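Everything below concerns the one structure shown next.
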Amino acid sequence: MARAAVRQRRRVAMAAVVVVGLLGAAVGAAYSPWLSARHVVVRGAGPGGSAAVVSAAGLVGAPPMIDVNPAAASARIERLPWVDRAAVARRWPDTVVVRVTRRVPVAVMARPGGGLALVDAAGRVISWLGGAPGAPGAPGSRGASAGALRGNAYPVLPKIDAPGKAGFPGSYVGKSAAPGLAVAAAIPPVMAGQVSLVEVGPNGSVRLVLTSGVEALMGSSTQIRAKFEALASVLRAAPPKGPALVDVATPNEPTVGPLTGS
């Protein structure tokens with residue numbers, strides 16, 4: 001009996017040694033260079049954005065694939081100011097694919113210290129631009145050319161004039177700018193580049209300044225599509241000759257009058 005017990009203990013010990021050895025081999029294989037993220041494919045980041053995405057995801061230096069956490073990496077990428085959504089997927093044995101959706105700027109806003117900030121429809125500050133707001137030729141200054149941003153990496157965008165300023169990239173502007181952002185985001189393609197300024201009043205009423213010198217009273221940020229259709233109809237059918245105010249706050253009853261107090 002004693003000898004049998006000894007042999008049994010030896011078999012158990014040997015089995016344990018084998019298991020430990022196999023586990024060690026498995027861990028060693030998992031951390032071998034052949035199972036590292038040697039290839040990172042980034043899609044949708046645009047020119048110059050891939051490096052920032054790879055760094056934010058923690059994929060610099062080909063980390064072991066087993067250490068790549070897709071959910072955590074996606075969350076870190078989405079902290080980049082210009083990223084809306086990110087999806088990270090592992091493709092064994094050595095590839096990580098990152099798909100990025102960029103935020104789309106709809107307007108610019110003044111930022112502390114001068115200059116402008118690109119802002120998306122949600123009010124997220126995407127990046128800062130140079131140039132003093134309101135200066136000749138700056139987007140949104142009365143009489144300024146709508147092409148002030150032409151040649152930039154972004155399309156011609158209106159400036160939003162609302163209480164408060166845009167903060168650092170990645171932050172959100174105040175709620176007072178929300179009506180202006182909603183209107184700026186709804187500018188139809190046929191009017192792209194024609195809106196220079198989006199003014200938000202204390203009560204949330206929105207007024208547009210067009211590059212032609214015409215201004216449009218939009219009222220609240222409701223029925224935006226109908227209001228733009230009414231404005232486009234007025235400008236197409238009987239475009240004002242010189243400065244004028246087009247009131248489309250009630251879109252089915254637009255009116256045109258002289259521009260006063262501008």
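None of the figures in this text is laboratory data; all of them are computed from the coordinates on show. These numbers were taken from a predicted model, which means no experiment stands behind them. Backbone-built Cβ (ideal geometry, glycine too); neighbour counts: all protein chains shown.
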Report summary line: Pseudo-spin-label distance THR95 to THR222, built 7 Å along Cα→Cβ, given in nm, is 5.2
Requested in this report: Using only Cα atoms, locate the centre of region 185-262 and the centre of region 52-84, then give the distance between them in Å, rounded to an integer.
Outcome: 43
Query raised in the report: What nm value, rounded to one decimal, do you get for the distance between ARG102 and LYS165 when each label is placed 7 Å out toward the C-beta?
Result: 2.7
Report task. Compute the Cα gyration tensor for region 35-102, then decide on rounded, prolate or oblate, letting a ≥ b ≥ c be the square roots of its eigenvalues: rounded whenever a/c is under 1.5, prolate when a/b is larger than b/c in the other cases, and oblate in all that remain. Result -> prolate
Report summary line: Around PRO179 (Cβ within 11 Å, Cβ-to-Cβ, excluding PRO179; K/R +1, D/E -1) the net charge comes to +1
Requested in this report: Net charge near PRO258: determine it from the other residues with C-beta under 13 Å of the C-beta of PRO258, scoring Lys and Arg +1 and Asp and Glu -1.
Outcome: -1
**Report entry** Relative packing of 84-93, 217-226, which averages over residues the other C-beta atoms within 10 Å, highest first
**Finding:** 217-226, 84-93
Query raised in the report: Fewest to most neighbouring Cβ within 10 Å: what's the order for PHE168, PHE228?
Result: PHE168, PHE228
Report summary line: Two pseudo-spin positions, 7 Å from Cα along C-beta at ARG43 and at ARG236, lie apart in nanometres by 3.8
**Report entry** Cross-link reach list, lysines versus LYS165, counting only Cα pairs under 16 Å and skipping chain neighbours closer than eight places
**Finding:** LYS175
Query raised in the report: If we sort 75-82, 244-251 on the protection proxy, mean other Cβ atoms within 10 Å, highest first, what's the order?
Result: 244-251, 75-82
**Report entry** Size of electric dipole in region 35-102: Cβ of Lys, Arg +1 and of Asp, Glu -1, about Cα centre, debye, nearest 20
**Finding:** 140
